[in-house]
């Protein structure tokens, strides 16, 4: 693949970077103050103004690949732009490129009916509403999506939903008007990947209770939030079913691929900004008679951070390239690889940066504690490391069948030669 960014991408990266310098970074502290001083669960006034600015400059809906509804960027073209946005917690929403809305909009674009697109995709693309994705459950091991227990049962022209979800990101936001819910519509189906369906539930809605908020390492992510949601005899029209009964797992796989790579792109940006902070900090602080940046342990960590970030960026670009050229399903292993590698890299790099800041690193002053919390969460969100590693291993093993590969797969054996017990002769066997 060609690692050179297209002229279109370079121009957009420059535009986004300029917007960040002029509008986002200078207002980060102000937006944090607005959250702290007002109603934490209401839209942030400064952010709403910046959204209008971004929209007016055409920096809007850049994520939607090869669609007339978005910027028409491929995953590879979007990667460095998304990375730039990942440098600030606030930026993705300002450009209408934040989770879970991006994933939900891709679901509507790929799997929604024209009526569903008109009712929900259009206002989401316009930034008029927000959305939520209800998949994770309290009582089930949600790392295996086939475990979901929420029921979606057909009753005439309606479906009845009963269940309990948590960490339903975005459901506390007063602008959240639509939720995509995954549950079981056919629990007795012998194919366990055809038991699930996804259905649309408007908010607010009778029988839907948005309950307690669940923090992430103490951060509540207001006004977004990750609450528990209870569904009790919720009746929605049959037309709210997405794609068809039994297609929920299929939709999930289609949705989570882009969602996973977007998380990784943003984390690379977050890691880059953290590394920049470590370099600036250690060049301005002295310990034991010399700059912290001159200490060998600091230099080792900076060097390792640089290598790790660049390695993860290249792996992410490869995954994006494959998604564009051979499709998300064929890129499954590469998506899984970045989903493990990037959050682990970010956790390590940000941890080193926190260490270089000392006590200030664990405070709320520099955003490092939140950056670490977010990176650590992504090791679980959209599938934990363990699930992705198992899948990567299975896909790798499947290349070899029952025998060792004939291309460089010969086993080296070094016992004594069976014909002469005294002479050591290495031999190769197929």
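Structural remarks
- Residue list for region 282-292, filter: farther than 11 Å from residue 302 by Cβ and either assigned to a loop (DSSP other than H, G, I, E, B) or in contact with a helix residue (DSSP H, G or I) (Cβ under 8 Å, 6 or more places away or on another chain) (or both): 284, 285, 286, 288, 289, 291
- Within the span defined as region 64-71, every residue fails to be in a helix (DSSP H, G or I) and buried (at least 21 other Cβ atoms within 10 Å of the Cβ).
- Here residue 381 does not fit the description of being assigned to a helix (DSSP H, G or I) and under 21 Å from the mean Cα position of the chain (by Cα).
- Residues in region 107-125 that are farther than 18 Å from residue 241 by Cβ and either touching a strand residue (DSSP E or B) at 6+ places or on another chain (Cβ under 8 Å) or modelled with pLDDT under 95 (or both): 2 in all.
- Each residue in region 125-144 was checked for being surrounded by fewer than 23 Cβ atoms within 10 Å (Cβ to Cβ), part of a strand (DSSP E or B) and either outside the structural domain of residue 197 (by TED's automatic domain parsing) or touching a helix residue (DSSP H, G or I) at 6+ places or on another chain (Cβ under 6 Å) (or both), and 0 of them qualify.
- Among residues of region 1-46, those that are farther than 30 Å from residue 322 by Cα and outside any helix (DSSP H, G or I), counted: 7
Yes/no per residue for (1) free of Cβ contacts under 8 Å to residues at least 40 places away in the same chain; (2) out of contact with any helix residue (DSSP H, G or I) (no Cβ under 9 Å at 6 or more places or on another chain); (3) part of a helix (DSSP H, G or I):
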{"residue": "172", "(1), (2), (3)": "no, yes, no"}
{"residue": "178", "(1), (2), (3)": "no, no, no"}
{"residue": "212", "(1), (2), (3)": "yes, yes, no"}
{"residue": "231", "(1), (2), (3)": "no, yes, no"}
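- Residues considered: 139, 128, 149. Of these, the only one that is without any contact (Cβ under 8 Å) to a residue 60 or more places away in the chain and farther than 25 Å from residue 188 by Cα is 128.
- Matching residues in region 72-93 - criterion: being surrounded by fewer than 19 Cβ atoms within 10 Å (Cβ to Cβ) and touching a residue at least 12 places away in the same chain (Cβ under 8 Å): 74
- Conditions (1) surrounded by fewer than 16 Cβ atoms within 10 Å (Cβ to Cβ); (2) out of contact with any helix residue (DSSP H, G or I) (no Cβ under 7 Å at 6 or more places or on another chain); (3) not assigned by TED's automatic domain parsing to the domain that holds residue 347: number failed by residue 253: (3)
- Residue 365 vs. criteria in contact (Cβ under 8 Å) with a residue 24 or more places away in the chain, out of contact with any helix residue (DSSP H, G or I) (no Cβ under 6 Å at 6 or more places or on another chain) and exposed (fewer than 13 other Cβ atoms within 10 Å of the Cβ): no
- Filter pass, residue 147 being outside the structural domain of residue 21 (by TED's automatic domain parsing) and farther than 26 Å from residue 232 by Cα: no
- Residue check for residue 96: surrounded by 20 or more Cβ atoms within 10 Å (Cβ to Cβ) and not in a helix (DSSP H, G or I): yes
- Filter result (in a helix (DSSP H, G or I) and either modelled with pLDDT under 90 or exposed (fewer than 10 other Cβ atoms within 10 Å of the Cβ) (or both)) within region 396-405: 397
- Restricting 303, 393, 375, 359 to residues that are touching a helix residue (DSSP H, G or I) at 6+ places or on another chain (Cβ under 6 Å) and either in a helix (DSSP H, G or I) or crowded, with 22+ Cβ neighbours inside 10 Å (or both) narrows the list to 375.
- Pair list, Cβ under 6 Å, 6 or more apart: region 283-306 residue more than 14 Å from residue 355 (Cβ to Cβ), other residue part of a helix (DSSP H, G or I): 283/293
The values are calculated or read from the model by the stated rules, or taken from the named source; none is laboratory data. This is a predicted model, so every value here is computed, not measured. So basically every Cβ, Gly included, is an ideal-geometry build from the backbone, and we count neighbours across all protein chains shown.
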